[in-house]
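J.: Quick one: this structure, given as structure tokens, is what I'll be asking you about.
None of the figures in this text is laboratory data; all of them are computed from the coordinates on show. Everything numeric in this text was worked out from a predicted model, so none of it was measured. Note: ideal-geometry Cβ built from the backbone for every residue, glycine included; neighbour counts use all protein chains shown.
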Amino acid sequence: MNKLKQQLQFQSFLLPILVVYTLFTIYPLLQSLFLSFTNFGGYSNIYDFVGFKNYERLFVDDAIRASISYTLLFTFGKALLVTVLAIPLAIILDQNFVTRNLHRAIFFFPSIPSGLLIAYIWGFILAPIGSGVLNKILNQLFNVGAQPWLSDPLLAKLSTIFVATWAITGWHAVLYLAFLQSIPKDYYEAASIDGANRLQQFRYVTLPLLAPAMTVSVMLLLTGGLKVFEIPFALTKGGPGFETLTVTQVIVQKGITEAQYGLASAMSVVFFLIVLVIAIFQVTMMQRREQDL
Amino acid sequence: MTTTSHKRKWILDLVMLPIGLVVFFPFYLIIINTFKTMQDATRNPIGLPKEWILTNYVQVFEETALLRSFGNSLTITIFSVALVVLIGAMGAYPVVFNANRITKFAMLYLLAGFMIPFQATLIPLFQLMTGLNLIDRLYGLIALYLNGSVFVFFLMMGYMRTIPRELSEAAVIDGCSVWGIFWRIIFPLLKPISTTAIIFQTMWIWNDFLAPMLFLNSSSNSTLVLQIYRAKGEFTVHWPMFMTLTVITLLPIFLFFIFMQKHIVKGIAAGAVKG
């Protein structure tokens with residue numbers, strides 16, 4: 001009897017998390033799946049099952065197609081840029097120089113504010129008209145004419161990716177730095193006794209030991225990148241046209257503003273599958289690579 | 001040898017300073033423009049103010065419900081973070097200290113949904129919140145943020161496994177109840193990992209824009225970030241004022257960073273090394 005009471009007490013600790021998680025994550029996800037096969041309009045309870053019609057519409061809707069391709073471009077572009085910049089940055093910030101702590105703080109700073117604020121600040125810098133700060137600087141230094149940083153299809157894509165990279169590179173450098181600092185100094189001494197030069201030490205000591213950090217960092221970059229919303233939304237509103245439209249913005253627009261529940265739900269389900277596939281693929285790939293290095 | 005390494009230090013300083021300045025430039029830009037008049041800022045956005053003024057700061061407090069939004073952000077963040085840490089820690093307790101078939105199933109159930117993005121559940125969530133009458137309620141948003149407890153649960157589970165089991169077993173022998181062991185022995189021991197969880201959750205909830213935008217409609221319930229979004233429309237013509245609002249909004253989270261700096265860096269490291 002006492003045992004049973006103890007067991008019940010123990011299990012009761014699980015209750016809050018299971019309730020919250022079921023109510024706010026699992027139930028809505030199943031509901032998304034269900035709605036994606038209906039033509040539910042949001043206001044009446046009358047709906048019909050339409051099979052895969054909503055999924056078929058995903059592939060012909062211009063806004064949705066554009067949003068998927070931009071979100072993928074943004075995610076991989078940002079992940080690549082951040083990784084390429086964060087690793088050397090971490091190595092530099094690991095060296096012993098006078099302004100080291102100042103630089104650690106400066107590079108970390110941009111990761112602190114909300115993405116919305118970051119985007120608005122950069123909005124002033126990248127303003128397309130001649131009064132935009134970047135255009136002004138370029139004009140004074142190199143006598144270049146005003147560039148449409150946020151309204152040209154290609155430049156808008158590059159600008160949003162650049163701003164996101166600026167915001168998060170320092171954060172990932174700190175992550176790599178934590179791993180660098182856990183590498184015992186003996187490894188380098190042993191390598192230099194064996195005659196390895198600095199480049200070889202980097203290739204054969206530092207890089208393999210950074211591989212697990214890379215798995216974590218890239219995973220965070222990919223899952224976070226796919227969920228991108230604030231930065232393109234605040235910088236370009238998804239434009240010009242659909243050029244920088246994100247999946248999240250489309251779900252909000254179609255599902256909530258336009259009340260196209262079925263279509264937006266199908267989009268949600270596809271989005272979840274994309275996140276899942278990329279995450280699983282990335283983690284297995286990188287863990288295999290960690291062993292090769 | 002010492003001279004070359006000494007020299008290398010200075011080279012790094014010289015190389016990094018211009019790069020650091022460029023990275024910091026956007027912050028310089030918004031701060032400097034809060035002290036300019038509209039005309040001064042338009043003519044000369046980059047340089048120092050012709051005449052330093054503080055009227056933008058006074059005016060922002062007069063024209064926007066800044067303190068109210070600050071209070072809303074604070075309320076939402078404090079309650080959500082406290083509850084999320086508590087619920088996550090509570091959930092991990094039986095999974096680690098009383099492992100059996102039920103707790104194993106619960107853990108797998110939570111793991112299965114770890115990758116579900118908020119966006120994929122957004123439309124049913126909107127209906128659910130409407131149905132439960134949680135739209136435009138601060139406590140509605142707090143309830144929604146409780147989702148974060150799944151992330152905390154996994155952090156806590158990893159950390160709890162390092163706590164010796166003898167500790168709780170000894171307490172049982174001493175006649176301590178299951179509840180008593182958790183509150184008096186286990187929970188206080190979780191302080192380091194709770195700090196990490198609090199930092200991550202605070203940064204994300206304080207900065208979140210999507211959920212407040214969708215679920216808080218009235219301006220009296222606005223969070224700080226939402227206030228910025230709404231002010232962007234009002235202040236399009238007067239951007240020194242908008243920048244002042246931005247700087248004031250940035251201040252609390254930067255202070256948080258400065259006070260928690262050591263823990264933040266440690267938290268990123270701990271999270272990463274475990275992951």
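J.: Counting partner chain Cβ atoms within 10 Å of every residue's Cβ in A:180-188, what's the average?
T.: 0
J.: Rounded to the nearest 0.05, what FRET efficiency do A:THR22 and A:PHE76 give with R0 = 30 Å and r taken as the Cβ-Cβ distance? Could you check? Walk me through the numbers on the way to the answer.
T.: Working: r = 34 Å, r/R0 = 1.12.
With a Förster radius of 30 Å, E is 0.35.
J.: By how many degrees, 0 to 90 and rounded to 10, does the Cα axis of helix B:122-131 deviate from the longest principal axis of chain B?
T.: Here the helix axis deviates by roughly 80 degrees.
J.: Against the longest principal axis of chain B, how steep is helix B:224-234, in degrees 0 to 90 to the nearest 10, with axes from Cα atoms?
T.: So the helix axis and the longest Cα principal axis differ by about 30 degrees.
J.: How big is the Kirkwood radius of the protein assembly as shown, worked out from every pair of different alpha carbons and given in Å to one decimal? Spell out each step's value before the answer.
T.: Numbers: mean 1/r = 0.0386 Å⁻¹.
Result for the protein assembly as shown, one decimal place: 25.9 Å.
J.: Within 10 Å of each candidate Cβ there may be at most 15 other Cβ atoms; applying that plus a DSSP loop requirement, which chymotrypsin sites (Phe, Trp or Tyr not before Pro) in region B:64-124 survive? Don't jump to the answer; show the numbers that get you there.
T.: Working: sites: B:PHE70, B:PHE79, B:PHE97, B:PHE105, B:TYR109, B:PHE114, B:PHE118; in loops: B:PHE114.
Sparse-neighbourhood loop chymotrypsin sites (Phe, Trp or Tyr not before Pro): B:PHE114.
J.: At a Cα cut-off below 24 Å, give the lysines reachable from A:LYS227, other chains included and same-chain residues fewer than 8 away excluded.
T.: List returned: A:LYS78, A:LYS157, A:LYS237, A:LYS254, B:LYS232, B:LYS274.
J.: If I fit a long axis through the Cα atoms of helix B:149-160 and take the longest principal axis of the Cα atoms of chain B, what angle between them do I get, 0 to 90°, rounded to 10?
T.: For B:149-160 against chain B, the angle is about 60 degrees.
J.: Charges at C-beta only: +1 for Lys and Arg, -1 for Asp and Glu. How large is the resulting dipole of region B:58-274 about its Cα centre, in Debye rounded to 20?
T.: In total the dipole reaches around 540 debye.
J.: Could you tell me the center-to-center distance, by alpha carbons, between region A:145-179 and region B:100-166 in angstrom?
T.: 31 Å
J.: Tell me the Kirkwood radius of region B:11-165: reciprocal of the mean inverse pair distance over distinct alpha-carbon atoms, in Å.
T.: One over the average 1/r among Cα pairs gives 20.7 Å for region B:11-165.
J.: Take each complete run of DSSP H in chain A, measure how far its Cα atoms stretch along the helix's own axis, and keep only those covering 20 Å or more with mean Kyte-Doolittle hydropathy at least -0.5; list them.
T.: Working: long enough: A:62-94 (47 Å, 1.51); A:153-181 (42 Å, 1.25); A:207-226 (27 Å, 1.81); A:261-292 (46 Å, 1.09).
Span-like helices in chain A: A:62-94, A:153-181, A:207-226, A:261-292.
J.: Just tell me how shielded A:115-128 is by partners: mean number of partner chain Cβ atoms within 10 Å of each residue's Cβ, no decimals.
T.: Numbers: counts 5, 12, 13, 3, 1, 10, 8, 2, 3, 10, 6, 0, 2, 0.
What the average comes to for A:115-128 is 5.
J.: Within the set of other residues whose C-beta is less than 13 Å from the C-beta of B:SER168, count the net charge using Lys and Arg as +1 and Asp and Glu as -1. Write down the numbers at each step before the final one.
T.: Values: positive: B:ARG161, B:ARG165, B:ARG184; negative: B:GLU166, B:GLU169, B:ASP174.
Net charge around B:SER168: 0.
J.: When N is the residue count of chain A, what does its C-alpha Rg come to as a fraction of 2.2 N^0.38 Å?
T.: Taking the Cα Rg and dividing by 2.2 N^0.38 Å, one obtains 1.27.
J.: Viscosity 0.890 mPa s, temperature 25 °C: what is the translational diffusion coefficient of chain B from Stokes-Einstein with a Kirkwood Rh over Cα pairs, rounded to a whole number of µm²/s?
T.: Value of D from the Cα-based Kirkwood radius: 110 µm²/s.
J.: So how strong a dipole does chain A carry about its Cα centre when Lys and Arg Cβ are +1 and Asp and Glu Cβ are -1, to the nearest 20 debye?
T.: Dipole magnitude for chain A comes out near 380 debye.
J.: So what is the diffusion coefficient of region B:1-98 in µm² per second by Stokes-Einstein at 25 °C and 0.890 mPa s, using a Kirkwood Rh over Cα pairs? Display every interim value, and only then the final one.
T.: Numbers: Rh = 19.1 Å.
After rounding, the answer is 129 µm²/s.
J.: Once amide H atoms are built 1.01 Å from N in the peptide plane, which residues 5 or more positions from A:THR38, or in another chain, come under 5 Å H to H?
T.: Placed amide hydrogens put A:VAL50 under 5 Å from A:THR38.
J.: For a quick size check, give me the Cα extents of region A:2-48 along its three principal axes, largest first, whole Å.
T.: Here the Cα extents, ordered largest to smallest, are 53, 16, 15 Å.
J.: Here's a follow-up. Could you tally the net charge around B:LEU138, taking each other residue with its Cβ under 14 Å from the Cβ of B:LEU138, Lys/Arg +1 and Asp/Glu -1?
T.: Neighbour charge sum, excluding B:LEU138 itself: 0.
J.: Follow-up. Straight-line reach from A:LYS136: which lysines have Cα under 20 Å away, leaving out those fewer than 8 places along the same chain?
T.: In chain and number order, the partners are B:LYS36, B:LYS50.
J.: For the charge dipole of region B:58-274, defined by +1 on Lys and Arg C-beta atoms and -1 on Asp and Glu C-beta atoms about the Cα centroid, which residue among B:PRO124, B:ALA170, B:HIS263 has the Cα displaced farthest towards the positive pole?
T.: The residue sitting most towards the positive pole is B:ALA170.
J.: What FRET efficiency do you get for A:SER182 and B:ALA170 if R0 is 45 Å and r is their Cβ-Cβ distance, rounded to the nearest 0.05?
T.: After rounding, the FRET efficiency stands at 0.85.
J.: Which whole number gives the average, over all residues in B:11-20, of C-beta atoms from other chains lying within 10 Å of the residue C-beta?
T.: Numbers: counts 1, 9, 6, 2, 2, 12, 4, 0, 5, 6.
Shielding by partners across B:11-20 averages 5.
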